[in-house]
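Here is the structure we will look at.
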Amino acid sequence: MFQSPDEIYVAAIASAMLMLLLITVITIAVIKYQNRYRVHVREIAELKYVYDQELLKAQLEIQERTLHLISQEIHDNVGQILSLAKLNLNTILIHDPTPEHEKISNTKDLVSKAIADLRDLSKNLNRDYITDHSLIQLLQSDMEILKKAGEFNVLFEVIGNEMPISPQRQLITYRIIQEAINNIIKHSGGDRIVVVMHYLPTTLEITITDNGVGCDPNEIMNSGRGAGMHNMQNRARLTGALFVFESEPGRGCVVRLRVPLN
Amino acid sequence: MSYFIYLTLLALAFIFSIWSKKSDQPLRIFPVLLLFSVLAEATVFVLVFVLGIKPQYLLVYHLYIPIEYTLLSMYFARTIKGRKTMIAYFILLGVVISLCVYLSLHRGFFSFPGMNLNVAGVVLIVWSVVALFTIKPVVNTAIYKIPVFWISIGFLVYYSGSFFHNFIYEYLKMSENKLAESLNDIINKGSNDVLYICLSIAFICSNRLMKST
C-alpha cells in the first residue's frame, strides 16, 4: 500500500472527495429541513387561523342566539305585558280633567314609548329581522331612531347602487356598525354622526364619522379598554373585511369598513 | 493514547445516553447499544491488555457488529417511521445478518471483520442519509438542535470515513504493520471519536429539546 506518491495522492483525493460529499449531503439536508420547517410553520399558522376563525364563529353564533332569545322574550313576554297594561289604562274612564287623569295619560304615553322602544330593541337584536332586511333599510331605521332621540345630528348617505350581500356577512357588518354607533353615543361627546355607504363593484365601503373628543387609538388598544374595538376587528376579520379605526384627540373618530361583496 | 481517548469518549457517550431525557421513543435504544459497545471494548481490553490474547479478541467484533447493526437500524426505522420503512428494516436486517454470518464463517472469526463492518456500514449510511433527509420539523428548533441530525452525521462520518480503511487494514497489517496501526489510529479511532462526540451532542440536544417542549 502507498508504494508510490501517486497512490498517496489518490488516497488524499478520495478522502477529500468523501469529505466534500459528506458536506454536500449535510448542506442539502439542512436546506431541505429549512424548507420543510417553513412549510410546517405556515401550516401551523394556517391551522391556528382556521381554529381562531371557528372559535370566533362559535362565539358569535352563541352571541346571536342569546340576542335572538332576548329579542323573542322582549317581543313575546315583556311587550305583551306592556300592551296589556296600556289596554287596561285605556279602559279607565275619567272624563274630568283631574290630576289623576293627567297622571294616567302620562303613564299611557310612557307605556307607549316603552313598547315602541322595546319593539325597536327587539328588531335590533333579532337575527331574522336583520337578515330579512337590506343593510340600507336597517341603517335608515337606526338613523331615524337616533334622529328622533334628538341628541345627534345624523347624516346617512348611500353612494352607488345597492348590491346583494350574504346574510351572514350582512349580520356581522350590521353588528360592527351598531358597535361603532354605540361607541359614539357612549364615548364621543359629540353631536354629529355621519354614516356613508359606498357601493363599489366588488366591495362595500362604510365610513362612520363623529365630531366628538376623539382619542389615541394605540392607547385605547393597549390600555385594555378596547374590548369593543377588538370585537369589531374580530368580526371584520371573520367576514374578510378590512377594519380601520382612525382618531386623534380633539378631532373625532372615523371607522372605515371595507366589506367584500362576493 | 488515542485508544484511551476513544474509550473515554465511548464511556462519556454511554453516561450521556443514560442521563439524558429521551425526547423521542427510539432514542431509548442507545443506552442498550452503548452498553454493548462498552462491554465489547471492556472484553477486548481484558483479552488484549490483561490476558495478552491477540487475534482471538476479534471474535468480539464479529459478534458485536450484527448486534450493533440490528439496534441502529431499529433506531433509524423507528425514527423514519412508516410501513414501507419497517418492511425495508426487516428485509435489510435479514440480508445484513446473513452476510455477516457468511463472511465470519468464510473468513474466520479471528480475522479482522472489515467486510462485515462495510456491509453493515453501507446500509447504515443509507439509513443515516434517509433519516437526515426526513427529519421532522420542530417549531422554534434549528436542525442542529435535533438529536437525529447528530446521530445521522456521526454514523455517516464513521462508516464513510472507515470504509476504505476496513478494506485495506488486514492486508496492510500483513505487509506494513506499523502503517496499518498508525492508519487505524488516525482513521478508525478518529472517526470513532467523531461518532461518540456526535452521539454525546445528540443526547444533550435531546435533553434540551425535552425541556423546551
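FYI, it's all coordinate maths here, none of it is from the lab. None of these values were measured; they are calculated from a predicted model. Don't worry about glycine lacking a Cβ; one is built from the backbone with ideal geometry, like all the others, and counts go over all protein chains shown.
Brief remarks on what is shown
- Set of aspartates and glutamates with alpha-carbon distance to residue B:189 below 20 Å, sequence-local pairs under 8 removed: B:41, B:68, B:170, B:176, B:181
- Per DSSP, loop chymotrypsin sites (Phe, Trp or Tyr not before Pro) in the stretch B:47-98 with at most 15 further Cβ within 10 Å: none
- The stretch B:21-80: trypsin sites (Lys or Arg not before Pro) in DSSP coil with no more than 14 other Cβ atoms inside 10 Å: B:21
- Look at the alpha carbon pairs under 8 Å that are at least 6 residues apart: their mean separation over the length of chain B gives a relative contact order of 28 percent.
- Beta bridges from DSSP with both residues in the protein assembly as shown: antiparallel share about 75 percent, rounded to the nearest 5.
- Histogram of C-alpha separations across the stretch A:142-259, 10 Å bin width, %: 13, 46, 33, 7, 0
- Cα-based reach from residue A:147 at 29 Å (exclusive), listing lysines while leaving out same-chain residues under 8 positions away: A:86, A:103, A:108, A:113, A:123, A:186
- Of all lysines in the structure, the ones whose alpha carbon falls short of 23 Å from that of residue B:145, not counting any fewer than 8 places away in one chain, are A:32, B:21, B:22, B:81, B:136, B:211.
- Hydrodynamic radius by Kirkwood, which averages 1/r over all alpha carbon pairs of chain B, in angstrom: 17.8 Å
- Point-to-point label distance, residue B:2-residue A:248, nm (Cα→Cβ direction, 7 Å offset): 7.7 nm
- Cα long-axis angle, helix A:79-91 against chain A (0 to 90 degrees, to the nearest 10): 10 degrees
- Each 5 Å bin from 0 upward holds the following percent of the Cα-Cα pairs of chain A: 1, 5, 9, 11, 12, 11, 10, 7, 6, 5, 4, 3, 2, 2, 2, 2, 2, 2, 1, 1, 1, 1, 0, 0, 0, 0, 0, 0.
- In chain B, the longest principal axis of the Cα atoms and the axis of helix B:58-80 are about 20 degrees apart.
- Of B:135, B:67, B:53, the one that fluctuates the most in a GNM where chain B has Cα springs shorter than 10 Å: B:53
- In the elastic network of chain A, a GNM with C-alpha springs shorter than 10 Å, the most mobile of A:38, A:65, A:127 is A:38.
- Stokes-Einstein D for the protein assembly as shown, Kirkwood Rh over Cα pairs, 20 °C, 1.002 mPa s (µm²/s): 71 µm²/s
- Cα long-axis angle, helix A:227-239 against chain A (0 to 90 degrees, to the nearest 10): 70 degrees
- Estimated [θ] at 222 nm from DSSP helical runs (n ≥ 4, -39500 (n - 2.57)) normalised by residues in chain A, nearest 500: -22000 deg cm²/dmol
- Pairs of alpha carbons in the stretch A:88-147 separated by more than 18 Å make up 52% of all such pairs.
- Segments A:166-173, B:102-109 sorted - mean Cβ within 10 Å per residue, highest first: A:166-173, B:102-109
- Theoretical ellipticity at 222 nm over chain B - DSSP helices of four or more residues, -39500 (n - 2.57) apiece, nearest 500: -25500 deg cm²/dmol
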